[in-house]
Amino acid sequence: MRLRSRDRCSTGIKELNEMLLGGFPRGRTALVEGLPGTGKTILSLHFIIAGILENPKDPEPAILVCLDESPTDVIREASGFGWGLRRLMDLNQLVIIDAFSGRLGLKPSLPFAVPVGKFSIDAVMERISEAKEAIAAQRLVIDPISALLDGMDGNERRKAVLGLAALLTRLNLTTILTAELEEAGVGVERYTAHGVIRLAYDEAGSTIGRRLRIVKMRETMHSMDVIPYEITVKGIELRV
């Protein structure tokens with residue numbers, strides 16, 4: 001099935017949109033997998049920013065769930081690319097859910113958070129539902145999904161991922177899940193996602209580059225090319 005342009009969500013990266021014939025299928029979930037340092041969080045931030053700023057007359061508010069980094073660090077990282085997340089939060093176009101601090105026994109500083117001693121996938125899903133209602137969110141990033149599933153056996157993991165998938169479908173959120181490559185390869189999350197984008201290192205001679213590939217994307221044709229990219233002051237730049 002080929003989707004119309006209004007059924008697409010911009011990724012925030014022009015060349016990636018072209019590879020996907022317009023962007024992510026709306027209301028679906030994509031897994032962005034890769035080793036540390038390949039730019040998974042950065043790609044996710046492109047997606048969030050695009051929804052809010054590319055069409056300012058009709059923005060798509062977003063939710064960012066921080067699990068392995070503090071919101072402060074993510075906000076600082078985003079500012080290095082010129083993205084002002086705090087301003088978007090002040091405009092009620094972005095909610096950051098702090099699911100990081102409570103896991104470490106620290107008091108969260110944001111209104112949407114998982115308290116100390118209350119961390120669970122159910123608690124995170126509840127915060128997502130509350131944030132969706134608060135700002136009429138249309139986009140979601142969970143960074144990373146693996147942190148929600150730590151300590152679960154195979155059957156528990158499957159039930160948790162299927163429960164999350166059902167929630168995202170009910171809320172009609174276009175979603176990016178990030179995952180470490182070695183973890184994503186053995187998890188049910190990779191097979192339940194509608195799409196998979198892989199970010200990888202490429203060692204050629206004395207230099208190390210990065211490569212992007214769309215492994216799968218349901219409901220749309222897509223490029224199968226392996227595309228080099230760089231992380232610059234503008235974020236991820238594909239070298240098509």
* Going through the range 23-36 one residue at a time, which ones are in contact (Cβ under 8 Å) with a residue 24 or more places away in the chain, part of a loop (DSSP other than H, G, I, E, B) and not charged (D, E, K, R)? -> Gly27, Leu35, Pro36
* Yes or no: Leu43 of a type in the set (A, V, I, L, M), part of a loop (DSSP other than H, G, I, E, B) and touching a residue at least 12 places away in the same chain (Cβ under 8 Å)? -> no
* Based on what the data block shows, is Leu140 assigned to a strand (DSSP E or B), modelled with pLDDT of 90 or more, in contact with a strand residue (DSSP E or B) (Cβ under 6 Å, 6 or more places away or on another chain) and aliphatic (A, V, I, L, M)? -> yes
* **Residue among Asp153, Asp122, Asp98, Asp143 that alone is closer than 19 Å to Glu33 by Cβ and acidic (Asp, Glu)** => Asp143
* To do: Return yes when Leu173 is under 17 Å from the mean Cα position of the chain (by Cα), closer than 19 Å to Arg26 by Cβ, in contact (Cβ under 8 Å) with a residue 12 or more places away in the chain and surrounded by 15 or more Cβ atoms within 10 Å (Cβ to Cβ) and no when it is not.
  => yes
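Residues checked against (1) without any contact (Cβ under 8 Å) to a residue 40 or more places away in the chain; (2) closer than 19 Å to Leu31 by Cβ; (3) over 18 Å from the mean Cα position of the chain (by Cα); (4) not in a strand (DSSP E or B):
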{"site": "Met152", "(1), (2), (3), (4)": "yes, yes, yes, yes"}
{"site": "Lys159", "(1), (2), (3), (4)": "yes, yes, yes, yes"}
{"site": "Thr169", "(1), (2), (3), (4)": "no, yes, no, yes"}
{"site": "Ile214", "(1), (2), (3), (4)": "no, yes, no, no"}
* Enumeration of residues in the range 112-137 that are within 20 Å of the chain's Cα centre (by Cα), of a type in the set (Val, Ile, Thr) and outside any helix (DSSP H, G or I) -> Val114
* To do: Could you look through the range 216-228, keep only residues that are in a strand (DSSP E or B) and modelled with pLDDT under 95, and pick out the one that is surrounded by the most Cβ atoms within 10 Å (Cβ to Cβ)?
  => Met217
* Is it true that Asn155 is surrounded by fewer than 20 Cβ atoms within 10 Å (Cβ to Cβ), polar (S, T, N, Q) and either in contact with a Lys or Arg (Cβ under 8 Å, 6 or more places away or on another chain) or within 26 Å of Asp98 (Cβ to Cβ) (or both)? -> no
* Structure fact -> For the range 93-111 the number of residues that are touching a residue at least 40 places away in the same chain (Cβ under 8 Å) and assigned to a loop (DSSP other than H, G, I, E, B) is 2
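The values are calculated or read from the model by the stated rules, or taken from the named source; none is laboratory data. Owing to the predicted nature of the structure, the values given are computational and were not obtained by experimental measurement. FYI the Cβ positions are ideal-geometry reconstructions off the backbone, even for glycines, and counts take in every protein chain you see.
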